[in-house]
Amino acid sequence: MTSLGAGSVRVAVIGVGHLGKHHARLLGGIEAATLVAVVDADPERASAAAGATGARALTDYRELFDQVDAVTVAAPTELHHEIALPFLERGISVLVEKPITRTLDEADALIAAAKASGATLATGQTERFNPAIATVMPFVTTPRFIEVHRLGVFPDRSLDIDVVFDLMIHDLDIILALVKSEPTSIEAVGVPVLTDKFDIANARLRFATGCIANVTASRISKERVRKIRFFQPDAYVSIDYAEQEVEGYRLLRRPDERPQIQGGKLPVTREEPLKRELVDFVHAIRDKRRPLVTGEDGRRALALAQAIADKMETV
């Protein structure tokens, strides 16, 4: 693995489209990182991102092999494996945006390469870094029912993958992290409305713990909605991802008194989730620790997304 010494982590961003340009913007301001270069097959896009950060603009990521300690990969999903693998094989740490790869075999190859070289492999499941999620993690301990609505307007990106891999996978990662169990049954339906991929999907998941999750994702809605609700014995928690707001209520029981409902909005310190994600990645490399969302976590979310996609029936 690359030795960092006392300096900052030398990092580059590969793919500076819709999301990658924000990787570059934020990495340029992280104290423990030095943004060395931005890479994009489109030279004009690479130059624009480089001009905003002071980094070099490149069109071939292979020029980076001996110049960086880490890269973030925000290229199209179909290129994740091809781009990330040679870096990991050289001991260069990689953060790959979700979904980690197209297939589970590709994800396994990245995980194996990272283990063999000692490189850090992180997955960009950005909602795990949402301050609202961090606020509720200690409180959601025994969820029995989970309701998710992730609705968005029709995008100009990620149309090469189903909405399950584009949007729903965010919530699948959160659910897996909180339920801490594997699904035992899956019912799912998807509809290709404006593309040849599924643009709207619903999945009902039953877990070994008895928890049931009802998850809806759409990229053809008129309004943008990002909400998840957790129901557990004597408690209810609601999260608005976009507004970073949390409401929580508990049933307070006292001897010889009527039960009382207590709760309301919980305090959340607002912060950009992507920045938290990138800071965690850089610090994981510097501190030689596991990132919050590992390559294995990314594979687990991909496996569930793939199982849902396999179950979907067009109506």
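The values are calculated or read from the model by the stated rules, or taken from the named source; none is laboratory data. Quantities reported herein were computed from a predicted structural model and do not represent experimental measurements. Cβ sites come from the backbone with ideal geometry, for glycine too, and all protein chains shown count toward neighbours.
Close contacts from the range 26-43, counting a first residue that is closer than 14 Å to HIS283 by Cα and in a strand (DSSP E or B) and a second that is β-branched (Val, Ile, Thr) and at pLDDT 95 or above, with Cβ to Cβ under 6 Å and a gap of 6+ residues or different chains, come to ALA33/VAL9; ALA33/VAL11; ALA33/VAL282. If you go through the range 69-87 one residue at a time, do you hit one that is more than 30 Å from LEU304 (Cβ to Cβ) and not in a helix (DSSP H, G or I)? Within the range 69-87, one or more residues are more than 30 Å from LEU304 (Cβ to Cβ) and not in a helix (DSSP H, G or I).
Taken over the range 49-62, the criterion of being surrounded by fewer than 20 Cβ atoms within 10 Å (Cβ to Cβ) and either part of a strand (DSSP E or B) or in contact (Cβ under 8 Å) with a residue 12 or more places away in the chain (or both) is satisfied by ALA52, GLY54, ARG56, ALA57, THR59, ASP60, ARG62. Residues that are surrounded by 20 or more Cβ atoms within 10 Å (Cβ to Cβ), assigned to a helix (DSSP H, G or I) and touching a helix residue (DSSP H, G or I) at 6+ places or on another chain (Cβ under 7 Å) within the range 281-296 comprise just one, GLY295. Applying the criterion of being modelled with pLDDT of 95 or more and hydroxyl-bearing (Ser, Thr, Tyr) to the residues of the range 1-48, the residue that is surrounded by the fewest Cβ atoms within 10 Å (Cβ to Cβ) is SER47. Screening the range 86-144 for residues that are of a type in the set (Asp, Glu) and closer than 26 Å to VAL164 by Cα and picking the one that is surrounded by the most Cβ atoms within 10 Å (Cβ to Cβ) gives GLU97. The residues in the range 102-123 that are of a type in the set (Lys, Arg) and in contact (Cβ under 8 Å) with a residue 12 or more places away in the chain can be counted, and the count is 1.
Only a single item in (1) modelled with pLDDT of 95 or more; (2) not in a loop (DSSP other than H, G, I, E, B) is not met by VAL268, and it is number (2). Scan the range 88-124 for residues that are outside any helix (DSSP H, G or I) and farther than 23 Å from LEU274 by Cα and report the count. Adding up the residues that qualify gives 4.
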